[in-house]
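The values are calculated or read from the model by the stated rules, or taken from the named source; none is laboratory data. Since we're looking at a predicted model, the values are computed, not measured. Positions of Cβ are backbone-derived with ideal geometry, glycine not excepted, and every protein chain shown enters the neighbour counts.
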Amino acid sequence: MKKFFDKPWFYKVIALLLAVLFAIYINSNQQGYVSQSKQSITNITATKKQTIRVPLQVSVDTDKYYVTGYPEKINLTLQGNNALVTSTINTQNFRVFIDLNKLKVGRHNVKVKVNGLSNQLSAVTSPKTITVNIQKRKSRSLPVQIEYNRDAVPKSYNIGTSSINPSVVRVTGAKSEVNQIDRIVAKVTLPKGQSVSYTREVILVAEDSKGRQLNVVINPVTASVHIPISLPHKKVKVTVTPHHEADKKIYSLTADKNEVVVYGKEEYLKKLKSIPLDVDLSGIGTDTVKNIPLKKPEGIVRVDPEEISVKIKVSDGSAKKE
């Protein structure tokens with residue numbers, strides 16, 4: 001056996017086998033690396049198609065012209081290699097616009113343009129064309145009127161002079177539209193039964209003489225409206241009136257308040273001089289204190305306070321006579 005291992009060809013065979021195994025190992029690892037590398041390159045260079053919403057810009061002399069009819073945003077479909085489409089969407093270093101600079105007053109169908117994109121990308125807008133209306137621009141300063149539903153306030157209540165801030169606004173739009181403005185109005189809807197002053201921020205609208213809303217820009221677009229609502233009131237005296245006194249008793253009645261505040265319609269308040277406080281003395285034979293509610297006369301909505309405390313002193317009338 002020793003002579004077998006000492007032979008030169010044996011070592012040559014062993015070396016050859018080791019070389020073959022090493023080559024196979026190296027080759028398998030290189031194939032795996034190349035496969036992963038090819039996959040990465042494939043992902044980067046693959047074609048991608050994606051649609052996004054983008055702002056539509058309008059190129060026009062805004063000092064002279066007012067344009068209507070175009071949408072604020074449109075769809076843009078980009079197609080190209082994956083990495084380029086993704087980076088373009090992320091950065092959005094491009095412009096989608098309509099060019100109206102060489103057009104005259106009137107209606108026009110214009111093409112939507114895109115610039116700032118790589119020539120390796122294809123881009124399609126939706127819509128491809130847009131119909132716009134170009135008119136001469138005009139601005140006016142106009143006062144603001146207030147409109148509200150007065151019937152929401154109970155009849156007994158007074159409505160003071162309403163106010164609005166700002167009271168004058170700037171209106172801009174197509175000359176033909178601005179010329180039709182009859183009024184700028186803040187429309188307020190009061191809740192039914194509104195019994196306290198009302199303050200709200202209200203959107204302003206421009207209307208023509210027939211009440212139709214016009215397509216103009218109002219600056220500012222809202223205003224603060226204040227509608228003062230109050231219930232008329234005044235102070236009146238309290239007249240204490242005893243009832244059902246016992247024949248042999250003497251009563252002394254002292255109310256803790258001589259005046260109260262009454263709320264109601266103006267016409268009834270003018271006539272009212274005092275309010276009665278009826279004290280029922282039935283069954284009262286000793287000194288006591290009694291809380292008595294005040295009755296509201298006709299046309300009176302509220303009395304403050306609603307009840308009055310009365311001290312009742314009782315003495316024997318027959319003993320005094322003797």
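Filtered by the rule that a residue be closer than 20 Å to HIS108 by Cα and either outside any strand (DSSP E or B) or among the hydroxyl-bearing types (Ser, Thr, Tyr) (or both), region 63-84 gives ASP63, LYS64, TYR65, TYR66, THR68, GLY69, TYR70, PRO71, GLU72. Return yes when SER252 is without any contact (Cβ under 8 Å) to a residue 60 or more places away in the chain and hydroxyl-bearing (Ser, Thr, Tyr) and no when it is not. The answer is no for SER252. Applying the criterion of being in a strand (DSSP E or B) and charged (D, E, K, R) to the residues of region 201-228, the residue that is surrounded by the most Cβ atoms within 10 Å (Cβ to Cβ) is GLU207. Among all positions in region 140-149, there is no residue which is over 28 Å from VAL60 (Cβ atoms), of a type in the set (S, T, N, Q) and touching a helix residue (DSSP H, G or I) at 6+ places or on another chain (Cβ under 7 Å).
Yes/no matrix, rows are residues, columns are (1) at pLDDT 85 or above; (2) assigned to a strand (DSSP E or B); (3) crowded, with 17+ Cβ neighbours inside 10 Å; (4) outside the structural domain of THR241 (by TED's automatic domain parsing):
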{"residue": "LEU277", "(1), (2), (3), (4)": "yes, yes, yes, no"}
{"residue": "THR286", "(1), (2), (3), (4)": "yes, no, no, no"}
{"residue": "LYS295", "(1), (2), (3), (4)": "yes, no, no, no"}
{"residue": "VAL303", "(1), (2), (3), (4)": "yes, yes, yes, no"}
{"residue": "ILE308", "(1), (2), (3), (4)": "yes, yes, yes, no"}
{"residue": "LYS311", "(1), (2), (3), (4)": "yes, yes, no, no"}
{"residue": "VAL314", "(1), (2), (3), (4)": "yes, yes, yes, no"}
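Among the residues of region 184-200 satisfying the criterion of being small (Gly, Ala, Ser) and assigned to a loop (DSSP other than H, G, I, E, B), which is nearest to GLU266 (Cα to Cα)?
Filtering region 184-200 for residues that are small (Gly, Ala, Ser) and assigned to a loop (DSSP other than H, G, I, E, B), the one nearest to GLU266 (Cα to Cα) comes out as SER195.
From the list LEU100, LEU142, the one residue that fits, being outside the structural domain of GLU207 (by TED's automatic domain parsing) and surrounded by 11 or more Cβ atoms within 10 Å (Cβ to Cβ), is LEU100. Being modelled with pLDDT of 90 or more, of a type in the set (D, E, K, R) and outside any strand (DSSP E or B) is the filter here; which residues of region 36-62 pass it? If the condition is that a residue be modelled with pLDDT of 90 or more, of a type in the set (D, E, K, R) and outside any strand (DSSP E or B), then ASP61 is the only one that fits.
Looking at region 186-195 only, could you name the residues that are more than 20 Å from ALA223 (Cβ to Cβ) and either surrounded by fewer than 11 Cβ atoms within 10 Å (Cβ to Cβ) or in contact with a His (Cβ under 9 Å, 6 or more places away or on another chain) (or both)?
Answer for region 186-195, where residues must be more than 20 Å from ALA223 (Cβ to Cβ) and either surrounded by fewer than 11 Cβ atoms within 10 Å (Cβ to Cβ) or in contact with a His (Cβ under 9 Å, 6 or more places away or on another chain) (or both): LYS192, GLY193.
Working only within region 103-123, note down all residues that are surrounded by 17 or more Cβ atoms within 10 Å (Cβ to Cβ) and outside any strand (DSSP E or B). Passing the criteria: VAL112, LEU117. Only one residue in SER282, SER309, SER252 is out of contact with any strand residue (DSSP E or B) (no Cβ under 6 Å at 6 or more places or on another chain) and farther than 28 Å from SER230 by Cα. Which one? Exactly one of SER282, SER309, SER252 is out of contact with any strand residue (DSSP E or B) (no Cβ under 6 Å at 6 or more places or on another chain) and farther than 28 Å from SER230 by Cα, namely SER282.
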